[in-house]
1. Ignoring ligands, DNA and RNA, what percent of the accessible area of the chain is carbon or sulfur (1.4 Å)?
2. Using each residue's phi in the stretch 70-76, evaluate 6.51 cos²θ - 1.76 cosθ + 1.60 at θ = phi - 60° and report the 3J(HN,Hα) Karplus result to the nearest Hz, with x for Gly and Pro.
3. Can you give me the orientation-averaged projected area of the convex hull built on the Cα atoms of the stretch 29-81, in nm²?
4. Using a Gaussian network model of the chain with C-alpha springs under 10 Å, which one of ASP53, ASP42, ASP30 is most mobile by mean-square fluctuation?
5. For the stretch 1-66, count all C-alpha to C-alpha pairs, find those more than 21 Å apart, and express that count as a whole percent of the total.
6. Pick out which of THR62, THR31, THR44 has the largest mean-square fluctuation in a Gaussian network model of the chain, springs linking Cα atoms closer than 10 Å.
7. With +1 on each Lys and Arg Cβ and -1 on each Asp and Glu Cβ, how big is the dipole of the chain about its Cα centre, in debye rounded to the nearest 20?
8. With springs only between Cα atoms under 10 Å apart, run a GNM on the chain and tell me which of ILE17, ILE70, ILE57 wobbles the most.
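The values are calculated or read from the model by the stated rules, or taken from the named source; none is laboratory data. Everything numeric in this text was worked out from a predicted model, so none of it was measured. Cβ: placed from backbone, ideal geometry, glycine included. Neighbour counts: every protein chain shown. These accessible areas exclude ligands, DNA and RNA; they are computed on the full protein's heavy atoms, side chains included. Shrake-Rupley method; radii C 1.70, N 1.55, O 1.52, S 1.80 Å.
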Amino acid sequence: LATTYNTVHAFIKKGYIKQINVGNGMSYFDTNTQSHHHFYDDQTKELVDINSDEVEIKKIPTPPSGKKIIDTEVTFKIFKE
């Protein structure tokens, strides 16, 4: 198991996959490394891609001193009413 986790983290470090944190200590690993957003269904545990052109971010906070924003990704948590 440790070998698997080490391999996954090596792939993340090399940029072959991205880790998507959905809260509650859960993560998904995405082979689509292009900038894009997601819907996360909290009931079905399904993660669905959203094209970046479909999300408009109007205000971005100023990063901490000495840091710069290199990417923005949004995950929308959804559930059935």
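1. Answer for the chain: carbon and sulfur cover 53 percent of the accessible area.
2. 10, 6, 10, 10, 10, 10, 9
3. Numbers: hull surface 21.0 nm².
Taking the Cα atoms of the stretch 29-81, their convex hull projects to 5.2 nm² on average.
4. Maximum among the listed residues: ASP53.
5. Numbers: 922 of 2145 pairs.
Taking all Cα-Cα pairs of the stretch 1-66, the fraction more than 21 Å apart is 43 percent.
6. THR62
7. About 500 debye.
8. ILE70
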